[in-house]
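What follows draws every value from the coordinates through simple rules; no lab data is involved. This structure is a prediction, so every number in the text was calculated from the model and none was measured. Here the Cβ is made from the backbone with ideal geometry for all residues, glycine too, and neighbour counts use every protein chain on show.
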Amino acid sequence: MSTKNPDYVPQVVAIVPVSADGTLRLKKEVRAHLGDGNADFRLISGEEVVLTAQDAAGERMEVHGNRFCLSVDIAAKLQIKKGSLVAMVERPGAVALKKLDIEEHDGEAAKVYDIETARAVTRVVETNPTPEKLLPKLKRQYKDMKLAHNVVGFLRGRTTLAAWKARKLIGAAEATDKALRQRLLQERLAKQARDGSWEGRLLPTARNLREIAELGLGTQADQMQAGVRWLLRLPQSKLNPGMFFLTDRLVAQQAEVVEQRRRTGKGRFRELKASEMRAVAAGDDLMATKVCGPRIMWPNALVLETLLLLGYEKHERVQAALDTILRGGWCECGYQHGAGDWRGRPQPTTDEVEEWERTCLREYTYGGIPDVDLLRKMDLTRKVGVKMPRVARIRQKGKEIFPLRMATHLQGCEVITARAMSRVRSKKMRRIAEAYLWRFAARQNGETGAFAQEKYGYCQNSQVALLDVFARFAHPASEIVIMRSIPWIVNAQNEDGSWGDKTQKDVSTRALLAALHCVRPHLPRGLTP
């Protein structure tokens, strides 16, 4: 810790309870910070109670194993007793011992911060409002807002599929749109191979089938039937029944890796190859170039999205794929070596689905953690899951306030799979997918409704791509996220009326218009193109 920088943010190294015998545990992270070696520990009781391993005047502490005991006077000074929590806060060559309490309050948005005094740390969690409280307030807050630029003007005369869809969505069709639709349809059909595929590849085929359906080709058309047959006949992994892998070769490779692991205990199927990530990106304009699950989860989601759109939910293979993902989480790490650990597990019961919904809703409530009690363990010793270090230091009325970093990370596999499930009819699967929306909504922590731009973010155009996912669901979480994003949407609009950069303008504009359309009843006239 720096003593020269007054804005340095001292972290809570460890949080420990007072045991039944009145002792405290000295965790290895605290010892590492103290740099104790074999030195004596000293307890200095001044304005703060400070534990140090440096030579200093103070009470010598007896450490037995990894535990030490506070005197009656020190315990009284800190107002701690059996079961109390003690925060050990960074100091130069020392830690300050302070009683930790947790307080929970209704808030305008989820946030967590420490209020620190000489003797105590009060960790305050402000919760996200419920939709019934938040939506009317946002509606009033935005009543005078409007888009600064003409969206229809941007869309006029544009000949892409996205522009055609956008005009259709907002009722701004042009006289030439009928001919444009036919031309866009024929362009795609002209590239279909004799075997029914496009380029003999999974994702171009799924994408083109999706697009020709959006352009009005019926599911009984010969070209549509041929493409669907090609998809459904692709090799399946016995380890991941029904699921669609990026290539046929990967199905065989997974089996080889699993056999290698059986023989040697070594080997890993999941990889992040640039060529495979580019292949996944070819399946969609808005989603990622740095995909987290390019071999199984992302391809599977994009293909299922197409097959569900086309009405193939009851097909044997689609049912097998849905059944496989219904039983496990939606991260590729859990599928890379097959679903053998849980394939025999029965489908989740109604009670289990309801518990999953409650878990995700709690994540929204607390801004990314499913249980407020986790804040009692949120220190530098936490190695897995959500980590919430202090990120700033604010001095206010004789107190120091330390905001904690809120959860920001989104699992790309979860996002793309939830998007695909916007087309599913199964009530159980839909409830699971919609529960994920609350988990995603928990990560919307920016002041303008922005989601964090992660270093390894999985959406090429992340804010737009995420709003596009929410816009596919008629759900309270979607309304909350899109409404909270209104300031971002207004500020991000380009002067020509579009959104997005040069290569993404048409698809970004279509996606954001769909998001606005989703919350149209809550918007003033100036925000409804």
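Rounded to the nearest 500, the 222 nm mean residue ellipticity of the chain from helices alone is -11500 deg cm²/dmol, with -39,500 (n - 2.57) taken per DSSP H run of at least 4 residues. A straight chain from N491 to Q220 at 0.36 nm per residue would run longer than the Cα-Cα distance by 93.2 nm. Is there a pair in K165/K191; K178/K290; K28/K81; K314/K428; K81/K111; K28/K99 whose C-alpha atoms are over 25 Å apart, and which pairs would that be? With Cα atoms farther than 25 Å apart: K178/K290; K81/K111. Dipole of segment 447-529 computed with +1 at Lys/Arg Cβ and -1 at Asp/Glu Cβ about the Cα centre; of W488, G526, A450, farthest Cα towards the positive end is G526. Residues in segment 127-141 carry Karplus couplings, in order, of 8, 5, x, 6, x, 4, 7, 7, 4, x, 5, 5, 4, 5, 5 Hz; the curve used is 6.51 cos²θ - 1.76 cosθ + 1.60 with θ = phi - 60°, and Gly or Pro positions show x. Going by neighbour counts of Cβ atoms within 10 Å, the residues H64, H475 line up, fewest first, as H64, H475. Under the criterion of Cα pairs below 8 Å and six or more residues apart, the relative contact order for the chain equals 17 percent.
For segment 69-75, backbone phi angles converted through the Karplus equation (6.51, -1.76, 1.60; θ = phi - 60°) give residue-by-residue couplings of 10, 8, 5, 4, 5, 5, 4 Hz, Gly and Pro being listed as x. Near the amide H of E199, within less than 5 Å, lie the amide hydrogens of A193, all on another chain or at least 5 residues away, with H placed in the peptide plane.
Listed by Cβ neighbour count within 10 Å, with the fewest neighbours leading, C333, C360 appear as C333, C360.
Amide hydrogen proximity for Q11: with H placed 1.01 Å from N in the peptide plane, the residues at 5 or more positions away or on another chain lying under 5 Å are E90. The simple spin-label model puts a point 7 Å past each Cα toward its Cβ; for K137 and T350 those points are separated by 3.5 nm. Distance from the C-alpha centroid of segment 168-244 to that of segment 324-383: 34 Å, rounded to the whole angstrom. What the phi angles of segment 314-331 give under the Karplus curve with 6.51, -1.76 and 1.60, with θ = phi - 60°, is a coupling list of 7, 5, 3, 6, 5, 4, 5, 5, 5, 5, 5, 7, 6, 8, x, x, 10, 10 Hz, glycine and proline written as x. Can you return the aspartates and glutamates within cross-link range of K137? Criterion is Cα-Cα under 20 Å, with same-chain partners fewer than 8 residues away left out. The qualifying aspartates and glutamates are D106, E108, E126, E447, E479.
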